[in-house]
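What follows is a set of notes on a single structure, which appears directly below.
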Amino acid sequence: MKKLFTIAMISAAAIIAGSSCTPQSNEKMYSNLVSMVEGSYMTGNFYVVFDNGETAFVTNTSAITFKPTIDNEARAIIYYTIEEDQTKTGFDSVITISAVYGVSVDPVRDIYDHKLGEISDYKAEIDIMEAYYARNFVNLQIHFQWGATNNSEHSIALVYNSKENHEGVFQPFYEDDGYLYLELHHNSNNDPETNEYVSYVSYKVKPEQINVSLEDYVGIKILYKALDGNIRTYKIDFKK
């Protein structure tokens, strides 16, 4: 089976390298999960888009290795300070980034997507600790068990089940209630369950790939098999 979305068991996803910029002791440090969007000669390697839609010019893009991971952007948790000089035209703020931790990202996939392989292989349990939707991304803080070696890889997919009557393990938990139902599937690849792991992941909703219109729904419900063995639902309401 082709690995479409794996989480390597290291302290930070190796998507983006952190800069060496150190803030002054009197500067206030902020942190956010953001999109780093491919830039131009005017903006540097990239600029930042916050999940509320605001944009930021980054003063030190040359000190940060940037590699888009989906379309023209990457998801990351950044630590940054806000500059006093806010004169960059066209941006809501000007920031200097001190550290970057890449966040794994993948599209929401239809259950028939060949890159998933056999969905029956995704049997492992997983918890959703936090979830929210912003800018076409479903963002999850997930918790699962792993074998504590750098070679451990877990495949985790957020899936739209387009089968008739949503056939599968989560079928009894679907309701006709105005929500878009997605299924979180976890394949541990037989990794021993000896340690705890917590990470952030982002899934981009591309309506044309799963043949849905988000305007038809009041929110998203994610079905998953929790660490206690029970099927659970995490509800995300769209902001009106």
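The values are calculated or read from the model by the stated rules, or taken from the named source; none is laboratory data. What you see is a predicted model; the values in this text were computed from it and never measured. Please note: Cβ atoms are built from the backbone with ideal geometry, for glycine as well, and neighbour counts cover all protein chains shown. Each accessible area value is taken on the protein alone, full model and side chains, heavy atoms only, with ligands, DNA and RNA left out. Shrake-Rupley method; radii C 1.70, N 1.55, O 1.52, S 1.80 Å.
Computed values, structure above
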read-out: Helix-only CD estimate at 222 nm, as mean residue ellipticity for the chain, using -39500 (n - 2.57) per DSSP H run (n ≥ 4); value: 0 deg cm²/dmol
read-out: Calculated on alpha-carbon atoms, Rg and Dmax of the chain in Å; value: 19.0, 59
read-out: Fraction of accessible area attributable to carbon and sulfur, the stretch 77-232 (%, probe 1.4 Å); value: 41
read-out: Semi-axis lengths, Å, the stretch 166-240, gyration tensor of Cα atoms, sqrt of 5 times eigenvalues; value: 26, 15, 13
read-out: Hull shadow area, averaged, the stretch 98-240 [alpha-carbon convex hull, nm²]; value: 9.8
read-out: Relative counts (whole %) of C-alpha pair distances in the stretch 66-109, using bins that are 5 Å wide; value: 5, 18, 20, 19, 19, 12, 5, 2, 0
read-out: Proximal charge balance of N165 [Cβ under 13 Å; K/R count +1, D/E count -1]; value: -3
read-out: Debye, to nearest 20: dipole size of the stretch 62-115, +1 on Lys, Arg Cβ, -1 on Asp, Glu Cβ; value: 240
read-out: Heavy atoms of I119: accessible area, 1.4 Å probe, square angstrom to 10; value: 40
read-out: Protection proxy ranking, peptides 56-69, 221-234, average beta carbon neighbours within 10 Å, highest first; value: 56-69, 221-234
read-out: √(5λ) per eigenvalue of the Cα gyration tensor, the stretch 69-149, largest first, Å; value: 34, 17, 12
read-out: Residues of the stretch 116-201: accessible area per residue with a 1.4 Å probe, Å²; value: 48
